[in-house]
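Just so it is clear, none of the values below were taken in a lab; they were calculated from the coordinates. Here the structure is a predicted model, which means the values were calculated and not measured. Note that we place each Cβ from the backbone using ideal geometry, even for glycine, and neighbour counts take in every protein chain shown.
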Amino acid sequence: MRTDSERRMRFEAIFATHHDAVRRYIVRRQAAPLVDDAIAETFLVAWRRLDEIPDRTLPWLLGVARRVLADQRRAVYRRRSLSERLRIDILTDGLAGDWEPPAALTPELASALAALTEHEREALLLVAWDELSPADAARVAGCSAMAFRVRLHRARRRVADRLGIEGAGRTNATKEKLA
């Protein structure tokens, strides 16, 4: 068992090392008004479960962030449902988890990413934007490595098809067979 001082130092090191990556992950997936709450909740869970955090900390933290974002979406859906039942017109557009592409993306790429299923988009973004290996990304997504690889393959193929890129999503062996 660690002393309070050791626990605090370990948490501060984890926070300092991974805060920016967790923030980037959340910013790309959540509406601006809820970003800070999601970051705070993610690190609150990390503090409470400090002794359970594995050596590969970032995938664990991103998995926590993913669940925090899901909880936020459910809460927004519940509030929206209640307001509809009460016939209160509340402006909640963009807070219910509708994915909004970052402004820096080209319109073509933004459209291609928006056309993906939520699981496919998450798979592609975890590998491309968050620079996780497929194995680590599978842990974040809460699925098996094989299921994750299937999602990633489908996402790459669908984006390539929408962008008109030929041969994307095929393995080198497949490309050689086709040559």
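Extending each Cα 7 Å along its Cβ direction at Val27 and Ala40, get the distance between those two points in nm, one decimal.
For the pair Val27/Ala40, the computed spacing is 1.9 nm.
Three principal axis extents, largest first, for the C-alpha atoms of the stretch 1-74, in Å?
38, 22, 20
Which of Trp99, Trp47 has the fewest other C-beta atoms within 10 Å, and how do the rest follow up to the most?
Working: Trp99 16, Trp47 13.
By the 10 Å Cβ count, ascending, the order reads Trp47, Trp99.
Subtract the Cα-Cα distance of Leu105 and Arg2 from 0.36 nm times their separation in residues, and report this length gain in nm to one decimal. Mind showing how you got there, number by number?
On the way: separation 103, 0.36 × 103 = 37.08 nm, distance 4.55 nm.
Stretched fully, the Leu105-Arg2 segment lengthens by 32.5 nm.
Can you sort Ser5, Ser83 from fewest to most other Cβ atoms within 10 Å of each residue's own Cβ? Provide the component values of the computation, followed by the final result.
Numbers: Ser5 8, Ser83 13.
Sorted ascending by nearby Cβ count, the order is Ser5, Ser83.
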